[in-house]
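This report concerns only the one structure given below.
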Amino acid sequence: MRNLKRILLGVFVLLLVLVILAFILENQQSVALMFLGWSGPQLPVSLVAVVALLIGMLIGPIIGWFLGRSARAARKRLA
């Protein structure tokens, strides 16, 4: 059973890597993003998407931690 789980995990990771590689290879055209008048450098679409995903993965838990902290503080004040 343990070997089956390892094999399935290995297959899943391999498929995930292949999907990411296909995404990167299919999105090589360059774009320049503009935000509030600031223009960024020409970067591949895949790089912009991956960087946005990583930033969201960092910011999401931080916001959740702050919201949970303020909710706990509010509960303490009510008790």
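Numbers for the structure displayed
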quantity	calculated
Members of the range 26-62 that are open to solvent by less than 90 Å² (accessible area, probe 1.4 Å) and over 14 Å from the mean Cα position of the chain (by Cα)	ASN27, SER30, VAL31, ALA32, GLY37, SER39, GLY40, PRO41, LEU43, PRO44, VAL45
Subset of the range 36-79 (residues that are of a type in the set (A, V, I, L, M, F, W, C), at pLDDT 85 or above and not in a helix (DSSP H, G or I))	LEU36, TRP38, LEU43
Output for the range 1-35, where each listed residue is of a type in the set (A, V, I, L, M), out of contact with any helix residue (DSSP H, G or I) (no Cβ under 9 Å at 6 or more places or on another chain) and in a strand (DSSP E or B)	MET34
Residue list for the range 63-79, restricted to those being open to solvent by less than 60 Å² (accessible area, probe 1.4 Å) and either under 21 Å from LEU21 (Cα atoms) or of a type outside the set (A, V, I, L, M) (or both)	GLY64, GLY68
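The values are calculated or read from the model by the stated rules, or taken from the named source; none is laboratory data. The structure presented is a predicted model; accordingly, all values stated were derived computationally and were not measured. Here Cβ is always computed from backbone atoms with ideal geometry, including for glycine, and neighbour counts include all displayed protein chains. What goes into the accessible areas is simple: the full protein's heavy atoms, side chains included, and nothing from ligands, DNA or RNA. Shrake-Rupley method; radii C 1.70, N 1.55, O 1.52, S 1.80 Å.
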